[in-house]
Amino acid sequence: MTTAKPLNLLIIGAHPADIFDQSGGTMAHHARRGDRVACCVLTHGARVHDAVISDQMFHQAQVPEAQALERLMQERADVKAQEVRQACALLGCEELYFLGLDDAVLLLSEGAVKQVAALVRKVRPDVVLTHFPREGSTNTNPHAIAGQIALYGMQLAASVDPGDTNPPHKVSQTFFFGTGGAPLPRDVWGAEGGYYNDVFIDITDVVKDKLAALDALVSQGYGGAYARKRIETSDGAFGGAVRCAYAEGFIKMNAECHYHLPVTEHARNVAAMSDHEVMARSSFRHDD
């Protein structure tokens with residue numbers, strides 16, 4: 001996609017770590033170009049990957065009573081929110097929204113859809129990045145539900161809503177995170193796949209920034225060895241598929257109309273390389 005004016009992007013993730021894990025490099029590219037990059041976290045994420053709630057308590061004989069547990073979960077949610085702010089800043093993204101939905105059972109609800117719709121009318125994005133709405137079990141997978149909430153929210157945002165004085169807004173294009181949308185099939189839900197990533201973003205030049213963002217997510221266990229393994233096995237695999245070192249994959253929702261046939265600079269550059277030059281390009285590895 002090319003445009004003469006800056007783009008407005010809105011990245012919607014189900015949990016605090018999702019937007020970085022799925023699209024951190026892409027976020028960095030657009031922020032550096034001068035595009036507006038707004039980030040939205042749907043749930044507080046206190047139950048997901050937390051070092052205290054989901055790790056330490058997993059091995060305890062008993063968890064705290066209701067009120068004490070609720071206070072602890074709020075504390076952990078605040079820790080995660082601060083980590084997200086730090087990670088966003090490392091990628092050059094300062095605009096951040098927390099919708100505060102409970103991550104106990106994320107449901108496609110009218111309230112959640114209206115929150116997203118209001119945010120879309122406020123931010124007025126040209127492009128939305130979010131979870132693939134058919135990821136895993138579409139009925140229980142929170143990423144899939146988040147993608148469905150985002151789609152319904154965009155649909156509602158195109159019309160008026162009592163109580164919201166912002167005018168309607170339509171999104172030009174939606175890209176779904178490919179890591180979850182077109183993964184290596186590993187369960188019965190993967191048998192329903194057949195989806196594939198049709199857009200790849202070469203993030204080789206900003207992979208160090210993505211790693212720094214993941215390292216900031218200390219309470220969620222994403223930093224350190226996990227981040228590096230994740231970068232090599234996922235972004236490295238995506239990069240290998242399109243003959244670069246590291247890439248992020250996406251599934252484009254809508255077909256596009258062009259005045260001329262779209263041929264990327266990357267495709268033309270690779271076509272001008274010998275086999276060994278392509279292998280050398282793809283073999284770069286970030287070590288820190």
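The values are calculated or read from the model by the stated rules, or taken from the named source; none is laboratory data. From a predicted model like this one, the values you see are computed outputs, not experimental measurements. Positions of Cβ are generated from backbone atoms using ideal geometry, with glycine treated the same way; all protein chains shown enter the neighbour counts.
List every residue pair whose Cβ atoms lie under 7 Å apart, where the two residues are 6 or more positions apart in sequence or sit on different chains, the first residue falls within the stretch 226-245 and is hydroxyl-bearing (Ser, Thr, Tyr), and the second residue, located anywhere, is surrounded by 20 or more Cβ atoms within 10 Å (Cβ to Cβ).
Partner pairs satisfying both residue conditions: Ser234/Thr179.
Is it true that some residue in the stretch 146-166 is closer than 16 Å to Gly45 by Cβ, surrounded by 17 or more Cβ atoms within 10 Å (Cβ to Cβ) and at pLDDT below 95?
No, because not a single residue in the stretch 146-166 is closer than 16 Å to Gly45 by Cβ, surrounded by 17 or more Cβ atoms within 10 Å (Cβ to Cβ) and at pLDDT below 95.
For the stretch 70-89, indicate whether the set of residues that are in contact with a Cys (Cβ under 7 Å, 6 or more places away or on another chain), more than 24 Å from His169 (Cα to Cα) and either in contact (Cβ under 8 Å) with a residue 60 or more places away in the chain or outside any helix (DSSP H, G or I) (or both) is non-empty.
Yes - at least one qualifying residue is present in the stretch 70-89.
As an exercise: evaluate Val218 against (1) closer than 19 Å to Glu83 by Cβ; (2) crowded, with 16+ Cβ neighbours inside 10 Å; (3) not basic (Lys, Arg) and give the number of the one condition it does not meet.
If we test Val218 against (1) closer than 19 Å to Glu83 by Cβ; (2) crowded, with 16+ Cβ neighbours inside 10 Å; (3) not basic (Lys, Arg), just (2) comes out false.
Identify the single condition in (1) free of Cβ contacts under 8 Å to residues at least 24 places away in the same chain; (2) charged (D, E, K, R); (3) in contact with a strand residue (DSSP E or B) (Cβ under 6 Å, 6 or more places away or on another chain) that Asp275 does not satisfy, given that it satisfies every other one.
Status for Asp275: all satisfied but (3).
Being among the polar types (S, T, N, Q) and either surrounded by 14 or more Cβ atoms within 10 Å (Cβ to Cβ) or within 23 Å of Gly153 (Cα to Cα) (or both) is the filter here; which residues of the stretch 18-73 pass it?
Gln22, Ser23, Thr26, Thr43, Ser54
Please work out which one of (1) surrounded by 15 or more Cβ atoms within 10 Å (Cβ to Cβ); (2) outside any loop (DSSP other than H, G, I, E, B) is the condition Gly100 fails and give its number.
With respect to (1) surrounded by 15 or more Cβ atoms within 10 Å (Cβ to Cβ); (2) outside any loop (DSSP other than H, G, I, E, B), Gly100 is out only on (1).
Of the conditions (1) over 23 Å from Met27 (Cα atoms); (2) in contact with a helix residue (DSSP H, G or I) (Cβ under 9 Å, 6 or more places away or on another chain); (3) at pLDDT below 95; (4) not hydroxyl-bearing (Ser, Thr, Tyr), Glu94 satisfies every one except a single condition; which number is it?
Condition (1) is where Glu94 drops out.
Only one of these conditions is not met by Trp189: (1) modelled with pLDDT of 95 or more; (2) in a helix (DSSP H, G or I); (3) among the aromatic types (Phe, Trp, Tyr). Which number is it?
Condition not satisfied by Trp189: (1).
When the stretch 142-172 is examined, which residues are found to be under 15 Å from the mean Cα position of the chain (by Cα) and of a type outside the set (A, V, I, L, M)?
Correct list: Pro142, His143, Gly147, Gln148.
Are any residues in the stretch 247-277 over 13 Å from Thr179 (Cβ atoms) and surrounded by 16 or more Cβ atoms within 10 Å (Cβ to Cβ), and if so, which ones?
Matches in the stretch 247-277: Met253, Val270.
Going residue by residue through the stretch 223-241, is there one that turns out to be modelled with pLDDT of 95 or more, outside any helix (DSSP H, G or I) and not basic (Lys, Arg)?
The answer is no; no qualifying residue exists.
Out of curiosity, is Asp209 in contact with a helix residue (DSSP H, G or I) (Cβ under 7 Å, 6 or more places away or on another chain), free of Cβ contacts under 8 Å to residues at least 40 places away in the same chain and either within 17 Å of Ala87 (Cβ to Cβ) or acidic (Asp, Glu) (or both)?
no
Only residues that are crowded, with 19+ Cβ neighbours inside 10 Å and over 9 Å from Gly25 (Cβ atoms): list them for the stretch 201-212, please.
Leu211, Ala212
What are the residues in the stretch 119-133 that are under 17 Å from His15 (Cα atoms) and touching an Asp or Glu at 6+ places or on another chain (Cβ under 8 Å), if any?
Residue satisfying the conditions is His131 alone.
Hey, His266 hits all of (1) within 20 Å of Thr130 (Cβ to Cβ); (2) touching a strand residue (DSSP E or B) at 6+ places or on another chain (Cβ under 7 Å); (3) of a type outside the set (Ser, Thr, Tyr) but one; which does it fall short on?
Against the list (1) within 20 Å of Thr130 (Cβ to Cβ); (2) touching a strand residue (DSSP E or B) at 6+ places or on another chain (Cβ under 7 Å); (3) of a type outside the set (Ser, Thr, Tyr), His266 comes up short only on (1).
Out of the residues in the stretch 7-51 that are over 17 Å from Gly178 (Cα atoms) and part of a helix (DSSP H, G or I), which is nearest to the chain's Cα centre (by Cα)?
It comes out as Ala28.
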